[in-house]
Each structure stands twice: as C-alpha cells, then as structure tokens.
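One structure is given here, and the rest of the page talks about it.
Bear in mind that the values in this text are calculations on the coordinates, not laboratory data. Computed from a prediction, not measured in an experiment: that's the story for all the values here. Reconstructed Cβ throughout: ideal geometry from the backbone, glycine too, with neighbour counts over all protein chains shown.
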There are 2 protein chains.
Amino acid sequence: MNLLAIGNALVDVLAHADDAFIAANGLDKGSMRLVDEAEADRLYGVMGPGVESSGGSAANTAVGVVSLGGSAQFVGRVRDDTLGQVFTHDIRAAGVVFECAPAPTGPPTGRCLVLVSPDAERTMSTFLGAASHLVPADVDPAAVAAAEITYLEGYLWDPSEAKEAFRKAMAAAHDAAGRVAFSLSDAFCVDRFRPEFVDLIDSGHVDILFANQAELCSLFEVDDLEVALKQLGQRVPIAAITVGAAGSVVVSADGVERVAARVLGGVVDTTGAGDLFAAGFLYGLTHGHDLTRCADLGSLAAAEIISHVGSRPEQSLRDLAVEAGLL
Amino acid sequence: MNLLAIGNALVDVLAHADDAFIAANGLDKGSMRLVDEAEADRLYGVMGPGVESSGGSAANTAVGVVSLGGSAQFVGRVRDDTLGQVFTHDIRAAGVVFECAPAPTGPPTGRCLVLVSPDAERTMSTFLGAASHLVPADVDPAAVAAAEITYLEGYLWDPSEAKEAFRKAMAAAHDAAGRVAFSLSDAFCVDRFRPEFVDLIDSGHVDILFANQAELCSLFEVDDLEVALKQLGQRVPIAAITVGAAGSVVVSADGVERVAARVLGGVVDTTGAGDLFAAGFLYGLTHGHDLTRCADLGSLAAAEIISHVGSRPEQSLRDLAVEAGLL
C-alpha cells in the first residue's frame, strides 16, 4: 500500500455564498471552524442550496493517490446513517480501501458546510460528529506497517482520543521503517496546537510536512514566508509548502526549490486544493520521482480540483498527468 | 405566483460512467427508467463515486423560474429522512415555496441515479420512493388557482394516484382561468402512456406542451421531426420542442418558429436541460415576452445547466439573461 491516510470522514455540503453572508454569520473567510450539531443545523438552515460530495482532508488525499494510479487505505469514522453510507460508497467506489465499520450508536456522520465565495475561496464549518470518535483501537498497526507512508491531517488533533490514535500510528509507522506525513491543515488549527505541532516536528515524528503559507507562518508566528522558511530550515526531512497561485516551495536536504502552479481551466472552488496537492506529491514520492516532479504532480492534481465544485477529482488524474507528460 | 409545478421530489446522485458500464448494466443510454429500491441499491453499489444534488424535473423548472426572477411553488412528496431534508432545504433555499409536509412513514425519499457519459449524455435510474405517493389531497385548488401556469411532468403519470392528482390540478387551473403546461418528460414514458397523453392534448387539457424531438416522435410513432410537427399541428395552443444542439421549435397559432441554442462554456452534463428550457420559456411567458424570446430564455437557462454537473443552476439565471440582453 502506498498510503495509509487517517483523518475525518466527512461529507461536504457545498453552497455558493457572498462575502456579506460570510460576514453576517461571523465566519473567517478561508478558514475552517468546528461547530456543534445545533450550529451546523442553524447555518444549513440559512445557507443556499447545496451539493453533497464526500470530503475529509486525508480522505481526499487518499482518493487522489488512487486516481493517479497508486494504492491507498483510509481510516476514519462514520455512523450507520445516510451520510455514512454516502461516504463509504464514494471512497470505496474511488478505489480506496476503507474497512472501518460504521458506528451503530453515537453522533451522526460528520459534515462540513463549505461556503464557496465568488472569488472561489472556501470557508468551512465542520460538525465532526462520528469522525471525532476515532480511537487508538481504530488504528491497526499491521495496516500502518503495510503502508509506505502514513498520512495524518492536523484537523484530527482536536479530539483527544484521535490524537492518541495518531501517536499510535506514528509509532507503528516508524517501527516498520515507514514514513510519516503530516498536514498542518489550517492556520486556526495551528493556532490551537502550536506547541504540540512544533514538538511533533522537532522530535522527529514527522518525515514529510505539508502546509500552506498561512499555516507555516502561523506555526512560527511570523508574517513573512521567507522568515518562516528560514525557521523551518532542516527541521523535517521534506517539507512541501503551497503558496496558492505561486505554486509550492519544497524544502529538503537538497535545498529550497520553487515549483510553479498549474492551470486547468478556471478557478471555481479551492476546496481540496491542499489535499490534492498532497496526493500528487505523495504519489510521486512513492513512485520514485524526484521532489520537483512530486511537487509538479501536486500542482496538477490541485489544478484539477479547483476547476470544479467539490474536493474529489472529476477526471482521472492519471490521464491528466500522462497528458501533461508528468507520468 | 407565476408557476405551480407538480412533480417527483427527488435527490439526484450523479456519477461519471462510460458506455461499457451503461451497457453492462442493461441501461438505455439517454433514457430514464423506474427501478425499485433493491435495484437502486444494487446499481449504487457498483457505480462510481457520486455527488448528491436536489433534482426532480418539475422541481428543477420551478427553481429555474425563481432564478430568473419569477415566483414558483412546488408540490411533491418526500419522507422525513436525510434526503428529504436535503430536498426541502435546497428548494426552499432556492426561493421556491414548498409546503408539503414530509411523510412520517412509507418508502424513503426518492432518488435518481444519474450516470453521466463522457459525451455529457445522462442515463437515469429512478427509485420514486415517497415521491410516488402523491395523492389528490396534496393538490390545493387554491394554490393552483393562485398560479398563472400549472406545470406537470409526464414522469408522474406512472403512479395512478399521482395521475389523479394531476387531473385535479388541471381542472382547478382551468376553473381559475389559469393555463396548464405539460412535459412529455421521456420517450419511454411516452411509450407507456401514448394514448393517454394524446387524449390529454386532444381534449384541451394542455395549453403549453414541452417535449424533445425523441418524445414528440414517440408520441406520434414516427421517426422524422418534420412529420411529427405536422401531426402536432395546432392540437395545442403552444408547443415548445427542444432539438438538442439545434435549439428549439415553437409551434403556435402564429406558425412554426425555430430558435437557436445558446452556448455557455462546454457541455459537461445534459441533466436538466429540458427542465431548464421549460423554466426559461415559462418565465418569459409569464412576463409578457413573445414566444421567440421565451424560447431564447429557455436556451440560455439550458445552456447554463449543461455547462456543469447537476440540474440546478450554479449562477443567477437572471444575471446571465441581463448580460445576454434578454431581460
């Protein structure tokens, strides 16, 4: 298995919303906030018509790896309800191994209300529901050992038992000589767990770090990307930092390299851009490509996802990569 | 109220599928077939990852009329389950009046499994579920009387009680000096009810008839559109026949007029093209536009819907129509 991804099993509910609506509902444009079921219901009640599409950051990454021709397993929690069936169907139909049994009791399957602005930025309100009940027992050390890379989303650092599950997975991966990839997920998420994230990095638990510019700057509490990159230095073996339309910056023992973004049609909805960048990068890494090619595969996968509404690929990423001469 | 639309309350589950998959599952490409819950579950189990989006033919038309700036009410049946909540939220959030209480018992909310081919054609398998339980009591004569046009989808001719509800609505509309619009919906649907549909038309129950080329040809059991148009003649006051990329043909006392299609970006998914054509046409008719302009508004609304996956507009149709100089 190329990738074992552990994260929140969520169904996205995507709707268009203008800046006035974002402001009137007290949301920080471009961010992710956690909400309880009552607030999720309230916001759903006032937001526009939606489209439901399976999501979840690490789950999107797993789907992207398979769409490129790799293999992936996803670990995350749903309930035995309609949205849980939708999530399960979609991830399996995409070719990802997903073996977690749906919970027969407890909160409903989690959902992420995604408001897409006219400028294609997305603002997310997530009710984690069943996803937050991930426990260490959900992590099978044998499955982790069978994967080249174990990928964890920072979003799941919020529930404390899930955090323990992450620590267990990290230990199992390193015991089996696998690598651990970690995504900082969101600047506000970094803000909540800064010391823990820095400790994870400095204690050698993370081999591959994914972040966007805002998240890396938040991690080191600086405003300038160059300063943040300097702070990051060689603290992780590989770091891939996305910088929006400017593409990405890859930091490794080989130095700092900048790779351009790719464009496929217009920019309609940036939901999932970071997740799919990670998918392309990790596919490349597990298939013997150099870091520049890895980042370029990430750019291509991200370009596909932002060209339409939703965070799962609508075209075969492998076909696109072959067409672009990357595979 | 400009429009009272009565039809199947459905949530679409849209997935990409190639021709081999369509054939392997015994489906007629481009058609709609009714399936039971077991077959819907089987097909869902083997089809690719999906996107859920509220649909239903007449419901899509109602949403289109409101998106153009008109007013519309929808009558159709859902259950009190997750998909029923999704349908209810989406149609109300789109500005359509929807007052039917969800059924507390009986079959679940209906769904339409839509397989979108690489050439943008769609093939539908519909489990009507709660939608088929529409009964005459669901039709409020006062609501019908308050609408300028009552719009009925041929798809609902399958359940016999729903048919009675349709007859009640037609009578109420004419009692109140309103007009009745009827869509033939699907060539196979026409095949099931040909004598009844011809009788509806010839007995003066239909003032405005919508059909595509295949449906009109099926109605008169001929292969050639021109022959079908001759057969249609003046049997209904207004007929609007869509002919795909060739646009539409409007037949009225003023003669036969051909109106070109419109293009907005590429053709991604033809789901809802006929529904949105009807929306544009009916908006025009209830706002004093001539028949050519009505058909042109229909072309514009259809062009928007086929430019993306799903059968509800992603942009304001009014903005598009103003931009195009039609409003």
Most fluctuating residue given options B:Ala94, B:Ala301, B:Ala142, as computed from a GNM of chain B linking Cα atoms under 10 Å: B:Ala142
Counted charge near A:Ile22, where neighbours are those whose Cβ lies closer than 10 Å (Asp, Glu -1; Lys, Arg +1): -3
Value at 222 nm in deg cm²/dmol, rounded to 500, when DSSP H runs of n ≥ 4 in chain B each add -39,500 (n - 2.57): -11500 deg cm²/dmol
Around B:Asp319: net Lys/Arg minus Asp/Glu count, Cβ-Cβ under 14 Å: -3
Ascending count of other beta-carbon atoms within 10 Å, so fewest first, for B:Cys100, B:Cys189: B:Cys100, B:Cys189
Computed E for B:Thr292/A:His174 - FRET, C-beta separation, R0 45 angstrom, nearest 0.05: 0.05
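Where does the protein assembly as shown land on Rg(C-alpha)/(2.2 N^0.38 Å)? Before the final figure, lay out each step's value.
Values: Rg = 26.3 Å, N = 654, 2.2 N^0.38 = 25.8 Å.
Output field value: 1.02.
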For A:303-312, mean number of other protein chain Cβ atoms within 10 Å: 2
Shortest-first nm distances, B:Val222 label point to equivalent points in other copies (7 Å, Cα→Cβ): 7.8
Size of charge dipole - the protein assembly as shown - debye, nearest 20, with Cβ of Lys, Arg +1 and Asp, Glu -1, no other charges: 40 debye
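Lysine pairs, Cα distance under 29 Å, 8 or more residues apart or cross-chain: how many in the protein assembly as shown? Please list the in-between numbers first.
Values: A:Lys29/A:Lys163; A:Lys29/A:Lys230; A:Lys163/A:Lys230; B:Lys29/B:Lys163; B:Lys29/B:Lys230; B:Lys163/B:Lys230.
Count of close lysine pairs: 6.
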Fraction of beta bridges assigned by DSSP in the stretch A:1-140 that are antiparallel (%, nearest 5): 40 percent
Cut-off under 5 Å, modelled amide H: who pairs with B:Val243 long-range: B:Ser248, B:Val249
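Which shape class applies to chain B: rounded if a/c is under 1.5, otherwise prolate when a/b exceeds b/c and oblate if not, where a ≥ b ≥ c are the square roots of the Cα gyration tensor eigenvalues?
Details: a/c = 1.28, a/b = 1.14, b/c = 1.13.
Judged from the Cα gyration tensor, chain B comes out rounded (a/c under 1.5).
State the Kirkwood hydrodynamic radius of the stretch A:176-327 in Å, one decimal place, computed from all pairs of distinct Cα atoms. Provide the component values of the computation, followed by the final result.
Working: mean 1/r = 0.0642 Å⁻¹.
Mean inverse Cα-Cα distance, inverted, gives 15.6 Å.
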Where a label projected 7 Å from the Cα of B:Val97 along Cα→Cβ would reach, residues of the stretch B:161-180 with amide N under 16 Å: B:173, B:176, B:178-179
Candidates B:Glu153, B:Glu304, B:Glu196, ranked by Gaussian network fluctuation over chain B, Cα under 10 Å, top entry: B:Glu196
Partner chain coverage, peptide A:85-93 - average Cβ within 10 angstrom: 4
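Find, to one decimal place in angstroms, the Kirkwood hydrodynamic radius of the stretch B:247-327, where the mean of 1/r is taken over every pair of different Cα atoms and then inverted. Show your work: numbers first, answer last.
Working: mean 1/r = 0.0801 Å⁻¹.
Final number for the Kirkwood radius of the stretch B:247-327 is 12.5 Å.
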Assigned charges on the beta-carbon of Lys, Arg, Asp, Glu; the stretch B:94-176 dipole about Cα centre (debye): 160 debye
Average beta-carbon neighbours from other chains, 10 Å sphere, peptide A:44-55: 6
The stretch B:78-205 shape via C-alpha gyration tensor axes, a/c threshold 1.5: oblate
Under 5 Å, built H, 5+ apart or other chain: amide partners of A:Leu10: A:Gly55, A:Gly56
Cβ-vector label at 7 Å, A:Asp41, separations to other copies in nm: 2.8
Least to most buried among B:Val63, A:Val78, B:Val116 (fewest other Cβ within 10 Å first): B:Val116, A:Val78, B:Val63
Global geometry of the stretch A:100-147, whether rounded, prolate or oblate, following the gyration tensor of its Cα atoms and the 1.5 cut on a/c: oblate
Additional length obtainable on full extension of the chain from B:Glu226 to B:Ala38, 0.36 nm per residue less Cα span: 63.5 nm
Max mean-square fluctuation residue, GNM over chain A, Cα-Cα springs under 10 Å, options A:Thr270, A:Thr286, A:Thr126: A:Thr286
Around B:Leu209: net Lys/Arg minus Asp/Glu count, Cβ-Cβ under 11 Å: -1
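Where does each of B:240-246, A:231-237 land if you order them by average Cβ count within 10 Å, highest first? Mind dumping the intermediate values first?
On the way: B:240-246: 18.7, A:231-237: 14.9.
The packing order, highest mean first, is B:240-246, A:231-237.
Using the Cα centre as the reference, give the magnitude of the dipole from point charges on the C-beta atoms of chain B (Lys, Arg: +1; Asp, Glu: -1; all else neutral), rounded to the nearest 20 debye.
Values: 21 positive and 44 negative charges, 85 e Å.
In total the dipole reaches around 400 debye.
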At 7 Å out from Cα toward Cβ: A:Gly244 inter-copy label distances (nm, ascending): 4.4
